[in-house]
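The values are calculated or read from the model by the stated rules, or taken from the named source; none is laboratory data. Keep in mind that this is a model prediction, so the values were computed, not measured. FYI the Cβ positions are ideal-geometry reconstructions off the backbone, even for glycines, and counts take in every protein chain you see. Surface accessibility is based on the protein's heavy atoms, side chains included, excluding ligands, DNA and RNA. Shrake-Rupley method; radii C 1.70, N 1.55, O 1.52, S 1.80 Å.
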Amino acid sequence: MELVNIVDEYGNKIEYKRYQGRPFHPETLGNIGDHLAEVAAYNGQTDDVLLCTFPKSGTHWVFNMVQMIRGNNLEYSGTPVVMECHPISDIEKVPSPRMYHTHATYPFIPDAAKRGNIKLIQVMRNPKDSALSHYKFFKSMRNMAYEGTLDGFLKYYLSDEFFGIGCSLFTYIKEWEEAKRNNKDLCILDLRYEDLKKNLFENIIKITKFLNLERTDAFLHEVEQNVSFERLKGKHNTMTGETDRWKDLADGGRLPVYRKGIIGDWKNTFTVAQNEKFDAVYKEKMEEMGLPLDEFIFE
């Protein structure tokens, strides 16, 4: 494992861990290899659910949505345990039925999930919104892996230097799409952030059916009300939103995960030049990898 520190000609700084040629967030545990081996070997329980997202794609929103549906209650569940950033022992402490989370690309999820023994819910988002949200997220915390301007951030975000967990955005999309095409054992539900915003109740029903649960429409409408952005943000600002794991990054370990929660906010911030550059790189990378250009809703 190598610790990489890069400063470009404009003073923008990025820091990450490199393992087997791949970029990992510096909060990834240990020397990468040993922890990834533990994650790969983790068998979980038969009713476990692993939430898979590229950073800033609605992770906490969907996590709390699923927790309410599974628990048959309207309690706020806070921040999920993250496989690459928590020891496996922390997952073992999560009460059943358990849900935990990963930003990792497909090769680094548990082998049990690849065999279909752990259910997966994946959420993807328009990468322009996700990039802006990620930049604002970094700017709101201490000791983060990026320091600099939005221009510098977008340069890294669209490059192979950017750390999802183990890859850039484009490799993440490619490896997951190939897995879903080629691995018929995967038990996975695909969700889109934009569709959740537009058709929330329909997607709550979809999640409920995927989990083989029976819930009344009246209860599911209550879930819909309780996962509104305003309610979740308010709950997050209580003690439930605190965690020792992230106390070096934010006061009380309360990650600033709720900002605006809207579609298309990138249009309020990106310059014409930034947008054109993003479109050009996106088109080039997607075509290079043989991926459909309309993978995301650009609004």
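In segment 197-252, the residue that is farthest from Val66 (Cα to Cα) out of those that are open to solvent by 90 Å² or more (accessible area, probe 1.4 Å), assigned to a helix (DSSP H, G or I) and at pLDDT below 90 is Asp251. Going residue by residue through segment 114-133, is there one that turns out to be touching a residue at least 12 places away in the same chain (Cβ under 8 Å), under 21 Å from Ala41 (Cβ atoms) and in a helix (DSSP H, G or I)? Yes, segment 114-133 has at least one match.
Per the conditions (1) part of a helix (DSSP H, G or I); (2) within 27 Å of Lys136 (Cβ to Cβ); (3) open to solvent by less than 30 Å² (accessible area, probe 1.4 Å), the sole criterion not satisfied by Leu50 is (1).
Going by what's in this entry, would Asp160 be described as open to solvent by 10 Å² or more (accessible area, probe 1.4 Å), touching a residue at least 24 places away in the same chain (Cβ under 8 Å) and touching a strand residue (DSSP E or B) at 6+ places or on another chain (Cβ under 9 Å)? Give the steps one after another, and end with the answer.
Details: open to solvent by 10 Å² or more (accessible area, probe 1.4 Å): yes; touching a residue at least 24 places away in the same chain (Cβ under 8 Å): yes; touching a strand residue (DSSP E or B) at 6+ places or on another chain (Cβ under 9 Å): yes.
The answer is yes for Asp160.
Sort through Val94, Val66 and tell me the only one that's within 20 Å of Phe229 (Cα to Cα) and among the aliphatic types (A, V, I, L, M). Lay out the reasoning, then the answer.
On the way: Val94 fails: within 20 Å of Phe229 (Cα to Cα).
None of the others qualify; the one that does is Val66.
Output the residue which, of all residues in segment 178-196 that are in a helix (DSSP H, G or I) and among the basic types (Lys, Arg), is surrounded by the fewest Cβ atoms within 10 Å (Cβ to Cβ). In this case the residue turns out to be Arg181.
Give Thr28, Thr102 a once-over and let me know the one that is modelled with pLDDT of 95 or more, open to solvent by less than 10 Å² (accessible area, probe 1.4 Å), within 10 Å of Ile165 (Cβ to Cβ) and out of contact with any Phe, Trp or Tyr (no Cβ under 7 Å at 6 or more places or on another chain).
Values: Thr28 fails: modelled with pLDDT of 95 or more.
Of the residues listed, the single one that is modelled with pLDDT of 95 or more, open to solvent by less than 10 Å² (accessible area, probe 1.4 Å), within 10 Å of Ile165 (Cβ to Cβ) and out of contact with any Phe, Trp or Tyr (no Cβ under 7 Å at 6 or more places or on another chain) is Thr102.
One residue stands out among those in segment 1-25 that are of a type in the set (A, V, I, L, M) and open to solvent by less than 30 Å² (accessible area, probe 1.4 Å): the one that is nearest to the chain's Cα centre (by Cα), which is Ile14. Select from segment 36-49 the residues that are under 19 Å from the mean Cα position of the chain (by Cα) and of a type outside the set (Val, Ile, Thr) and write down the one among them that is farthest from Thr208 (Cα to Cα). Per the criteria, the residue is Leu36.
Any residue at all in segment 57-67 that is under 24 Å from Gly264 (Cβ atoms), at pLDDT 90 or above, of a type in the set (Gly, Ala, Ser) and not in a helix (DSSP H, G or I)? Lay out the reasoning, then the answer.
Let us first name the residues in segment 57-67 that are under 24 Å from Gly264 (Cβ atoms), namely 57-65.
If we keep only those that are at pLDDT 90 or above as well, we get 57-65.
Then drop every residue that is not of a type in the set (Gly, Ala, Ser), which leaves 57-58.
Now drop any that are not not in a helix (DSSP H, G or I), which leaves 57-58.
For segment 57-67, residues under 24 Å from Gly264 (Cβ atoms), at pLDDT 90 or above, of a type in the set (Gly, Ala, Ser) and not in a helix (DSSP H, G or I): present.
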